[in-house]
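Notes follow the structure.
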């Protein structure tokens, strides 16, 4: 199975989306390398960065599910390096 390392940047502007967001991140937990969250109270948003190592289709599905949540914006940056995991 070929995997890529990617970073999904997430900005949450609606606190009502947090429960669903966490549910999605838990669903893909086996692919998550690490996660960092920063509340930016002055602007009323939360900034989350999730590093993943997964097949391309898994990363796309995860990012897509997150981006479809109301009050959530995402962008994904991919490493150019792929690895083969057995």
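A short reminder: the numbers here are calculations on the coordinates, not readings from a lab. Note that this is a predicted model, so its numbers are computed, not measured. Cβ placement follows ideal geometry from the backbone for every residue including glycine, while neighbour counts extend to all protein chains displayed.
Rounded to the nearest 500, the 222 nm mean residue ellipticity of the chain from helices alone is -7500 deg cm²/dmol, with -39,500 (n - 2.57) taken per DSSP H run of at least 4 residues.
As a rough footprinting exposure proxy, the listed residues 83, 3 were ranked by other beta carbons within 10 Å of their own, and the order from fewest upward is 83, 3.
Sorted ascending by nearby beta carbons within 10 Å, beginning with the fewest, 21, 38, 66 become 38, 21, 66. Once the Cα atoms are used to define both axes, helix 56-67 deviates from the longest principal axis of the chain by about 10 degrees. Note on the chain: Cα-only Rg and Dmax are 13.1, 46 Å.
Rounded to the nearest 10 degrees, the inclination of helix 18-27 to the longest alpha-carbon principal axis of the chain is 10 degrees. As a proxy for reagent exposure, 28, 40, 78 were ordered by neighbouring Cβ count within 10 angstrom, fewest first; the result is 40, 78, 28.
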